[in-house]
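Single-structure report; data block below.
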Amino acid sequence: MKATDATGLDRSKDEAELSKLMVQAQGGDSASYQKLLLRLSELLLKYLRHSLQRFRVSEDSAEDILQEVLLAIHQKRGTYDPQQFFLPWMYAIARYKVIDHLRRSKMARSMVMLNDELENIETLMSLESESTLDVDRLINQLSDKQKEVLQLVKLEGLSVAETSQKTGYSVSDVKVTVHRAIKNLQEKVKEAARENP
């Protein structure tokens, strides 16, 4: 028997219904499992939209995250303990999937920003190229670490995560190194342009 709970879960109709359906589903009742998935979809979609809105992220991906959550619940259904409350178990899975999505989104936005910066430096270099500006010479003035990371990200097209794995530097270290390399290159391009008007 479940203990009483200060949050009122022991009196929640959703908790009673969903935990019962989950226990029946664990017992092999496919009709209960289908009903459980439908009820979860209703509850979780509201939760996911609210979570994404709270983090100022587009709600467009709520349906995709919902599918990930339902798949995770399906895969972990054997770990649910009927002596525990169902809703906290379900929302914990959903919360982790939202966090995973936010991390992926942040990494994607970071890569877009990184690519924009790299394109800006290339544009600046091409504008200055008529003034005897040697891009390779400028890149060779960077530290070995900056050259290596810039080469992997820009020329070989690796992601920040792949570059991190290949070099042994942390993901955040790779990002910082690329940003510093770009800043150094921008300064060197401007210096070279001033020296060779």
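Is there any pair with a first residue in the range 37-60 that is over 28 Å from SER19 (Cα atoms) and a second that is outside any helix (DSSP H, G or I) whose Cβ atoms are under 9 Å apart and which are 6 or more apart or on different chains, and what are they?
Correct list of pairs: empty, since none qualify.
Among the residues of the range 158-189, write down those that are in a loop (DSSP other than H, G, I, E, B) and at pLDDT below 85.
Listed by number, the residues that qualify are LEU158, SER159.
Give MET125, MET111 a once-over and let me know the one that is surrounded by 15 or more Cβ atoms within 10 Å (Cβ to Cβ), at pLDDT below 55 and either out of contact with any helix residue (DSSP H, G or I) (no Cβ under 6 Å at 6 or more places or on another chain) or under 30 Å from LEU45 (Cα atoms) (or both).
Going through MET125, MET111 in turn, just one is surrounded by 15 or more Cβ atoms within 10 Å (Cβ to Cβ), at pLDDT below 55 and either out of contact with any helix residue (DSSP H, G or I) (no Cβ under 6 Å at 6 or more places or on another chain) or under 30 Å from LEU45 (Cα atoms) (or both): MET111.
How many of the residues in the range 57-81 are of a type in the set (Ser, Thr, Tyr) and surrounded by 12 or more Cβ atoms within 10 Å (Cβ to Cβ)?
So the answer is 2.
Pairs only if they're at least six apart or on different chains, beta carbon under 6 angstrom, first in the range 168-185 and more than 14 Å from ASP144 (Cα to Cα), second at pLDDT 85 or above and of a type in the set (Ser, Thr, Tyr); list them, first residue then second.
VAL171/SER164
Which of the residues belonging to the range 46-56 are among the hydrophobic types (A, V, I, L, M, F, W, C) and surrounded by fewer than 17 Cβ atoms within 10 Å (Cβ to Cβ)?
Pass one, the range 46-56, residues among the hydrophobic types (A, V, I, L, M, F, W, C): 48, 52, 55.
Scanning the range 46-56 gives a single hit, PHE55.
The values are calculated or read from the model by the stated rules, or taken from the named source; none is laboratory data. All of these numbers come straight from a predicted model, not from anything done at the bench. Here the Cβ is made from the backbone with ideal geometry for all residues, glycine too, and neighbour counts use every protein chain on show.
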